[in-house]
1. Counting other Cβ atoms within 10 Å, which chymotrypsin sites (Phe, Trp or Tyr not before Pro) in segment 1-52 have at most 15 and lie in a DSSP loop?
2. Residues with beta-carbon under 11 Å from that of M1, excluding M1: net charge, scoring Lys, Arg +1 and Asp, Glu -1?
3. Below 20 Å, Cα to Cα, which lysines can K128 reach? Residues fewer than 8 away in the same chain don't count.
4. Under 24 Å Cα-Cα from K41, which lysines qualify once same-chain neighbours fewer than 8 residues away are excluded?
5. I need the phi-derived Karplus couplings for segment 57-67: 6.51 cos²θ - 1.76 cosθ + 1.60, θ = phi - 60°, integer Hz, Gly and Pro marked x.
6. In whole Hz, with x marking every Gly and Pro, tabulate ³J(HN,Hα) for segment 113-127 from phi via Karplus 6.51 cos²θ - 1.76 cosθ + 1.60, θ = phi - 60°.
7. Could you check the spin-label model distance between R33 and V74? Points 7 Å from the Cα along Cα→Cβ, value in nm.
8. For every other residue with a beta carbon closer than 13 angstrom to the beta carbon of D90, add +1 if it is Lys or Arg and -1 if Asp or Glu, then tell me the sum.
Amino acid sequence: MNSQTAFCPNHACPAKGQTGCGNIRVHSRKDKRYLCIVCKKTFSARKETPFYRLRHSEEFFVIVVTLLAFGCPVQAIVKALDLDERTIADWGKRAAKQSKEVHEHLVEKPKDLREVQCDELRVKMQAKVVWVATAIRTRDRDSFLDVKFPSRVIPG
């Protein structure tokens, strides 16, 4: 357990969401609980994760969510893994909520990109027109161009 990566999930705590500030201590290694020294509340290491109050192992949860993500029918998961449909639906919602929060934190957070190169492509199809747009930070583009790709011979 690493208290430097944990944060207080208490909405009323002034230190909510802060990591690496020294405000979190290990409360119980056996029960995997932390203590916030600012608000004096204890919380589970799984709090604010999809694994919170889960009665199955994390590995089993990940297997079920992976099957859902790859389009495996719910009835097949029910039959193969002996789970209830409601459990699978709940786990799918938990995983979706966590994915949304991670996306908002890592991708949607405003960043100083400095310089961005954009390009677009217009494709005329039989029944419609489709636009494809890409954008890349120029610093990333330059490092991407340094990558050596293996040449492939396409049989003719």
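1. Y52
2. Value of the local net charge: +4.
3. none
4. Straight-line reach from K41, under 24 Å: K16, K30, K32.
5. 6, 4, 4, 5, 4, 4, 4, 5, 5, 5, 4
6. These are the phi-based 3J(HN,Hα) values: 8, 6, 10, 10, 9, 10, 8, 9, 9, 10, 10, 8, 9, 4, 10 Hz.
7. Going by the 7 Å Cα→Cβ label model, 3.5 nm.
8. Charge balance in the 13 Å sphere: +4.
The numbers here are math on the coordinates, done by the rules we state, and not lab data. Remember, it's a predicted structure, so these values are computed and weren't measured experimentally. FYI the Cβ positions are ideal-geometry reconstructions off the backbone, even for glycines, and counts take in every protein chain you see.
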